[in-house]
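Shown next, in structure tokens, is the structure this report addresses.
The values are calculated or read from the model by the stated rules, or taken from the named source; none is laboratory data. Note that the coordinates shown come from a computational prediction; the quantities given were computed from them, not determined experimentally. Cβ atoms come from the backbone with ideal geometry, glycine included; neighbour counts cover every protein chain shown. Side chains included, ligands, DNA and RNA excluded: accessible areas come from the protein's heavy atoms. Shrake-Rupley method; radii C 1.70, N 1.55, O 1.52, S 1.80 Å.
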Amino acid sequence: MTQVLPAALSPGMVLILAGLVAALLPRMGRNVAGVVGVAIAFVHLLSYGNAPVGEPLLFAQSSVMGFDLTGVRVDRLSFIFSFIFHVAAALNVIYGWRHATRLEASMGLIYAGAAIGGALAGDLLTLFVYWELAALSSVFIVWAGGGHAAFKAGMRYLVVQVSSGLLLMGGIAVWAGQGNDLAFNSFELIGPDGRVALAPLLFLLSFAIKAAFPFLHTWLQDSYPKASAVGAVMLSAFTTKLAIYTLARGFAGTDILIVIGCVMTAFPVFFALIENDLRKVLAYSLNNQLGFMVCAIGIGTPLALNGAAAHAFVHIIYKALLFMGMGAVLTRVGTTKATELGGLHKSMPLTTVFTIVGAMSISAFPLFSGFVAKSMITLAAAEQHHFWAYLALLFASAGVLEHSGIKIPYFAFFAHDNFAPSITGRARPKEAPLPMLIAMGIAAFLCIFIGVVPSALYALLPFEAEYTAYTSAHVVTQMQLLMFAILAFALLVKFRLYPAEVRSVNLDVDWFWRVPGRKLLMGGVVWTSAAWRSVWGGARTGAAGTIRRLYATHGPEGGLARTWTVGYTALTTAVVLAITLLLVFAAG
Amino acid sequence: MSEHPKIREDEHSVFERPRTIRIIWIVLIASCVLFAALGFVLAAMHEMHPHFTADAFPAFYAVVGFVSFAFIVLAGQHLRRILMRPEGYYDGAEAELPHNPVADDAVRVTDMDEAKA
């Protein structure tokens, strides 16, 4: 295919330009800019062609101050991530057709462009620029959620995201200082001397923040549910998956990631269970899904890495679909708290069906997209004989079914009917607006299409590895896991052992810096200001005393300024002369 | 969930009728039995390809699914005792105040667009 645009121009830049144009246009103009921008960027990406395995295509190569930069690198790993980022960007434009604010529409495109540019970056400095641009553009989407809570969450989000960028920059400085070139390839966390290497450690920490590793994850659950209906869908796709891409590129086969990934899949399951806000449940679920990918990257075999890429691909679609479903509920009802919802299938049947498609995809039912991707990761764990990782992934699969497969659709659309006119005295909420339905419909179609025709997805995968999703053993074992888990759910509800939803906030590790950490910081501020006041106050009192004393002797009323009589002056002169005479005599 | 107010009979959808719920139970249990049985059939045909000792048991995944799910729900809800706080715990009532120049501005601009359109 011939190039439609200069090869040196990253497709990400096309979307960033579209975003800048969109900022100046009225609603319909923004939508057109979005559609045209995504279409041109996508055709531009496709016109590079997918590179053969192991042979990257490099463009926009330059040398700045002795550093070799590569603005665009197309290989199979960057291609599949850029590809799915375009799909997500297109879904965002359609979903926000009538509801995205000017800021969201514009920043959404810039954010998508930054993620695509980052995935295609061939060197660390270019990656850094897009890495920070993604942080700066996305924080506006958090803020656009409106309200004081969103503003504060956005500030916390910004601090965390920029810290990640600083760590990346620090890593680059150390890396370049050790005489390495800036090409972004794989790193060895453990150096040849058996000790942890500093620069790769800084890179890993930087990626870990954006990939929401355990203890670094709370920015995600804090900010995403506070964005608007449209904003949360935009946020769900890019930052974390760009981080997954960088981990797959830089740290494939790093053993520690297996453990981290397993913890990441398992712990959010419990938080999702007790959470009331269904969009926050989805945020925990996102964390759990990232755990599967991180674990796969840690395993590091071609099958596992294909599994991570495939899982990121399908995950972006079904997670966006689930956020879209909850966004539609938010748009129509004004809340996504489980305590306030229920029975919506009666008046929002299409949203219900689409959300259930997303729920079945994320739960990895056969014939849905999650199945064809996740089964690669579990198989890779089994083939490498990581028994405990394998068990953790199975446990997490049951957990996914619990919070995303059952809890989301059950509490939003079924459970107890909170919208019956005989109770509320009002008409039921309407079905979701048409553009939202179209976006959800496309995403739901893709979930089923990939599930039924997995070869379409497998053709894009970065490494050569034989894999067949639909073997009788895969289908039967997965259906055993899912159906018996559903049976457990049905029994727990029947015997009233399933916990009711409660209006509440549940603490996470961010409590440590939001409550005692804040107190400590505020205490530090008070102490510093007190210390400053005593130092500065002391200096001022001392200076004022000196001035007062000087004034007392030298001032107009002071002792040295009084008028003297002639006789007194003559006497003083005579005394001074006499002393001088005596001194000269004594000295002589 | 009987603690919630009863809705009128004509407001029930097909999913809330006792008959449908009974059918769902039957389908659920039947498919559990089916897939557990299929596990044994495949194991007899040497089609299961276990990788460890544990998953050689033909209903291993059924047990893992059931036990994991039950454990998550039964154990997880006790986390509330430690972690649960009232709404507005972090930000208090101020969280409800519209105080965001960025979003407010964006909303105002959008409304003007729509007034023109």
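From largest accessible area down, sort A:Thr565, A:Thr126; use a 1.4 Å probe on the protein chains. Write down the numbers at each step before the final one.
Working: A:Thr565 90, A:Thr126 25 Å².
Putting A:Thr565, A:Thr126 in descending order of accessible area: A:Thr565, A:Thr126.
Each Lys and Arg contributes +1 and each Asp and Glu -1, all at the Cβ; summed about the Cα centre of the protein assembly as shown, the dipole is approximately 1840 debye. Rounded to the nearest whole Hz, the Karplus-based 3J(HN,Hα) values (6.51 cos²θ - 1.76 cosθ + 1.60, θ = phi - 60°) of region A:296-311 follow the sequence 4, 5, x, 4, x, 6, x, 5, 5, 5, 4, x, 4, 5, 5, 5, with x at glycine and proline.
Using the C-alpha atoms of region B:9-90, what convex hull volume per residue, in cubic angstrom, is computed? Mind dumping the intermediate values first?
Numbers: hull volume 15.5 nm³, N = 82.
Per residue, the Cα convex hull of region B:9-90 comes to 190 Å³.
When the residues A:Met483, A:Met28 are ordered by accessible surface, computed with a 1.4 Å probe over the protein chains alone, the sequence from largest down reads A:Met28, A:Met483. Over all distinct Cα-Cα pairs of region A:1-159, the Kirkwood formula returns a hydrodynamic radius of 16.1 Å. Kirkwood-type hydrodynamic radius, region A:60-142: 13.5 Å, calculated from all non-identical alpha-carbon pairs. Taking label positions 7 Å along the Cα-Cβ direction at both A:Val515 and A:Asn185, the computed distance is 5.0 nm, reported to one decimal. The modelled label-to-label distance between A:Thr335 and B:Arg19, using points 7 Å beyond Cα along the C-beta direction, is 3.6 nm.
Magnitude of the charge dipole for region A:464-588, about its Cα centre and with charges confined to Cβ atoms of Lys, Arg (+1) and Asp, Glu (-1), is about 820 debye.
Here A:Trp388 and A:Trp536 are evaluated by their C-beta separation; at R0 = 45 Å the FRET efficiency comes out at 0.15. Residues whose amide H lies under 5 Å from that of A:Asp123, counting only those 5 or more places away or on a different chain, are A:Thr70, A:Phe184; hydrogens are built 1.01 Å from N in the peptide plane. Reported to the nearest whole Å, the Cα centre-to-centre distance from region A:154-210 to region A:85-119 is 28. For the pair A:Ile256 and A:Val196, the difference between a 0.36 nm per residue extended length and the Cα-Cα distance amounts to 20.4 nm. For region A:397-420 versus region B:43-76, the spacing of their alpha-carbon centroids is 24 Å. Here the Karplus relation 6.51 cos²θ - 1.76 cosθ + 1.60, evaluated at θ = phi - 60°, turns the backbone of region A:69-75 into coupling constants of 10, 10, x, 10, 10, 9, 10 Hz, with x for every Gly and Pro.
For region A:95-151, what percent of Cα pairs sit more than 15 Å apart? Let's see the in-between values first.
Details: 812 of 1596 pairs.
Summing the P(r) tail past 15 Å for region A:95-151 gives 51 percent.
Whole-percent P(r), region A:229-473, all Cα pairs, 10 Å bins from 0: 8, 33, 34, 17, 6, 1, 0. For the set A:Val35, A:Val584, solvent exposure ranked by accessible area (probe 1.4 Å, protein chains only) runs largest to smallest as A:Val584, A:Val35.
Can you tell me the equivalent ellipsoid semi-axes for region A:501-588? Use √(5λ) from the Cα gyration tensor, largest first, whole Å.
Working: eigenvalues 1037, 59, 3 Å².
Output for region A:501-588: semi-axes of 72, 17, 4 Å.
For A:469-476, what's the mean count of beta carbons from other chains sitting within 10 Å of each residue's beta carbon? Mind dumping the intermediate values first?
On the way: counts 0, 0, 4, 6, 9, 1, 3, 15.
Partner-chain Cβ atoms within 10 Å, mean over residues of A:469-476: 5.
Take the Kirkwood radius over Cα pairs of region A:353-499, plug it into Stokes-Einstein at 10 °C and 1.306 mPa s, and you get 91 µm²/s for translational diffusion.
How large is the dipole of region A:509-554 about the Cα centre if only Lys and Arg carry +1 and Asp and Glu carry -1, each at its Cβ, rounded to the nearest 20 debye? Provide the component values of the computation, followed by the final result.
Values: 7 positive and 1 negative charges, 30 e Å.
The calculation lands at about 140 debye.
What fraction, in whole percent, of alpha-carbon pairs in the protein assembly as shown exceed 39 Å separation? List each step's numbers first, then the result.
On the way: 97383 of 248160 pairs.
Percent of Cα pairs beyond 39 Å in the protein assembly as shown: 39.
How high is the FRET efficiency from A:Glu55 to A:Thr2, r the C-beta distance, R0 25 Å, rounded to 0.05?
The pair A:Glu55/A:Thr2 has a calculated efficiency of 0.80.
Would you mind checking region A:347-376 for residues with the amide N under 17 Å from a putative spin-label position 7 Å along Cα→C-beta of A:Ile448? Within reach of a label on A:Ile448: A:349-372. Roughly how tilted is helix A:472-494, in degrees to the nearest 10 and between 0 and 90, from the longest Cα axis of chain A? Helix A:472-494 and the main axis of chain A meet at about 70 degrees. Global dimensions of region A:425-466 from alpha-carbon coordinates: Rg and Dmax equal 17.5, 60 Å. Set against the 2.2 N^0.38 Å expectation for a compact globular protein, region A:509-554 has a Cα radius of gyration ratio of 2.06.
Considering helices alone, the calculated mean residue ellipticity of chain A at 222 nm is -23000 deg cm²/dmol, with DSSP H runs of length four and up weighted by -39500 (n - 2.57) and normalised per residue.
The value for region A:246-364 of Rg(Cα) / (2.2 N^0.38 Å) is 1.20.
Between A:Met65 and B:Leu74, the simple label model (points 7 Å from Cα in the Cβ direction) yields a spacing of 6.2 nm. Normalised by residue number, the volume inside the convex hull of the Cα atoms of region A:171-289 is 106 Å³ per residue.
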